[in-house]
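Shown next, in structure tokens, is the structure this report addresses.
Derivation of every value follows stated rules applied to the coordinates shown; laboratory data play no part. Keep in mind that this is a model prediction, so the values were computed, not measured. Methodologically, a virtual Cβ is constructed for each residue, glycine included, from the backbone with ideal geometry; neighbour enumeration extends over all protein chains shown.
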Amino acid sequence: MNLLIQLHRNAAYSTILQRQLDDLQAIAKDKTLPNMIHIVEHEPVITMGRSFDAKHLLYSEEYLRSQGIDLCQASRGGDITYHGTGQWTVYPILRMGTDCVQRDLHQYMRQLESVVIEYLYMHHVKAFRIFDKTGVFVNHHDKPHKIAAIGIAVRKWISFHGFAINIQNSLTPQRCYMTPCGISPDEAGVTSLAECAGNVYDMVTEARKILESFFIVFGLK
């Protein structure tokens with residue numbers, strides 16, 4: 001699998017969504033183009049997927065915008081998710097139906113979860129899945145906490161959207177302004193790598209580690 005990797009800092013969600021759609025269309029038309037991965041540190045935004053339930057947004061759009069948080073509809077699966085500074089969101093634009101990526105959406109989501117689990121293992125943080133809850137969790141204060149959210153979409157058997165890992169972003173939006181992914185605080189909290197490990201991270205270095213984990217899970221050189 002040939003990959004073109006692009007890193008984006010302080011990027012608007014709408015800009016990156018259009019970039020994904022443009023790349024998807026180009027890849028579908030030209031079989032010689034490489035697959036893509038966009039690794040993005042977004043401007044603060046709450047996105048609402050195809051399964052969005054309005055009760056999971058706890059404050060008005062007007063109030064959230066006053067706090068510097070944009071709101072956007074998303075064509076991905078899943079409910080409500082936050083993206084912002086200190087978090088990497090990874091958007092693989094991949095042709096499905098290869099040895100690396102089968103035409104199986106559930107298997108593909110498990111692969112993305114495995115990327116996050118492998119990445120956290122590099123930091124000696126043990127992560128796991130919870131049955132019937134998409135994403136990756138860790139034990140924090142003796143309770144499951146979500147550390148990565150996943151929401152994908154596929155057109156013409158080409159994937160887009162992807163996963164977001166909380167590295168050292170503010171957790172206030174996810175804890176106070178919304179019910180992230182529709183999972184109540186009684187079921188699982190929300191945390192970050194920095195909160196679990198107590199470190200400050202260089203975001204570019206962490207992007208490289210996430211890519212290394214992606215290559216391991218997908219069997220790439």
What do you get for Rg/Rh over region 73-193 if you use C-alpha atoms and the Kirkwood form of Rh?
0.96
Rank the residues 100, 196 as a footprinting-exposure proxy: fewest other Cβ atoms within 10 Å of their Cβ go first.
100, 196
Could you check which residue among 74, 26, 149 shows the biggest mean-square fluctuation in a GNM of the chain with a 10 Å Cα cutoff?
26
The chain, dipole about Cα centre (Lys/Arg Cβ +1, Asp/Glu Cβ -1), debye to the nearest 20:
560 debye
Taking the Cβ of residue 109 as the center, what net charge do the other residues with Cβ under 12 Å away carry, scoring Lys and Arg +1 and Asp and Glu -1?
+2
Treat region 43-117 as a sphere of radius equal to its Kirkwood radius over Cα pairs and apply Stokes-Einstein at 10 °C in a medium of 1.306 mPa s; give the translational diffusion coefficient in µm²/s, rounded to a whole number.
110 µm²/s
Alpha-carbon Rg with Dmax, taken over region 3-217, Å
16.3, 50
Can you list the chymotrypsin sites (Phe, Trp or Tyr not before Pro) in region 63-145 that are in a DSSP coil and have 13 or fewer other beta carbons within 10 angstrom?
131
Environment charge at residue 54 (Cβ cut-off 14 Å; Lys +1, Arg +1, Asp -1, Glu -1)
-1
Exposure-ranked with fewest Cβ neighbours within 10 Å first, 38, 8, 161 stand as 8, 38, 161
By count of other Cβ within 10 Å, fewest leading, how are 221, 31, 143 ordered?
221, 31, 143
As an exercise, identify the GluC sites (Glu not before Pro) in region 104-199 lying in DSSP coil whose Cβ has no more than 16 other Cβ atoms within 10 Å.
187
Residue of 154, 45, 200 that the Gaussian network model of the chain assigns the largest fluctuation, springs spanning Cα pairs under 10 Å:
200
The chain, relative contact order in percent, only Cα pairs under 8 angstrom and at least six apart counted
22 percent
Based on the alpha carbon coordinates of region 148-213, what radius of gyration and maximum Cα-Cα distance (Dmax) apply, in Å?
14.3, 42
Apply the Karplus parameterisation 6.51 cos²θ - 1.76 cosθ + 1.60, with θ equal to phi minus 60°, to every residue of region 21-32 and state each ³J(HN,Hα) to the nearest whole Hz, in sequence, with x for glycine and proline.
5, 5, 5, 4, 4, 5, 5, 5, 7, 10, 5, 8
What percent of all Cα-Cα pairs in region 94-133 falls into each 5 Å bin, going from 0 up to the bin containing the maximum distance?
6, 21, 24, 18, 16, 11, 2
What is the Cα centroid distance between region 1-52 and region 178-209, reported in whole angstrom?
22 Å
